[in-house]
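Chemist: One structure follows; several queries about it will come next.
Just so you know, all these numbers are worked out from the coordinates, no wet-lab data involved. Predicted, not measured: the structure shown is a model, and the values here were computed from it.
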């Protein structure tokens, strides 16, 4: 969320797009940390699955926003 907010405040669509790329990468980092949390017993399988699913959905939403920005870029 912070990456998206920072990207919105930047000077143009290209920078915003780059921050969306970073935000999407952060979703992958969250999933990675979820596996660690599951492995060490910090979260249950149910908690893991719910958070993992939310992270995947968030990643899809960010990707849709990126695609929308690419579609509306001016040459």
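Chemist: Give me the extension gain from residue 42 to residue 70: residue separation times 0.36 nm, minus the current Cα-Cα distance, reported in nm with one decimal.
Modeler: 6.1 nm
Chemist: If I take every Cα pair under 8 Å that is 6 or more residues apart in the chain, average their sequence separation and divide by the length, what percent do I get for the relative contact order? Walk me through the numbers before you get to the answer.
Modeler: Numbers: 47 pairs, mean separation 23.6, N = 75.
Across the chain, relative contact order equals 31 percent.
Chemist: Hey, if you drop one equal point scatterer on each alpha-carbon of the range 2-72 and run the Debye formula without solvent, what base-10 log of I(q)/I(0) do you get at q = 0.17, 0.19 Å⁻¹?
Modeler: Here the Debye-derived log intensity ratios amount to -0.65, -0.74.
Chemist: Just 22, 40, 61 to compare: in a GNM of the chain, with alpha carbon springs under 10 Å, which one fluctuates most?
Modeler: Looking only at 22, 40, 61, the biggest GNM fluctuation is shown by 40.
Chemist: At 222 nm, what helix-only mean residue ellipticity would the chain give, in deg cm²/dmol to the nearest 500, using -39500 (n - 2.57) for each DSSP H run of four or more?
Modeler: Numbers: 3 runs with 63 residues, N = 75.
The helix contribution divided over the chain gives -29000 deg cm²/dmol.
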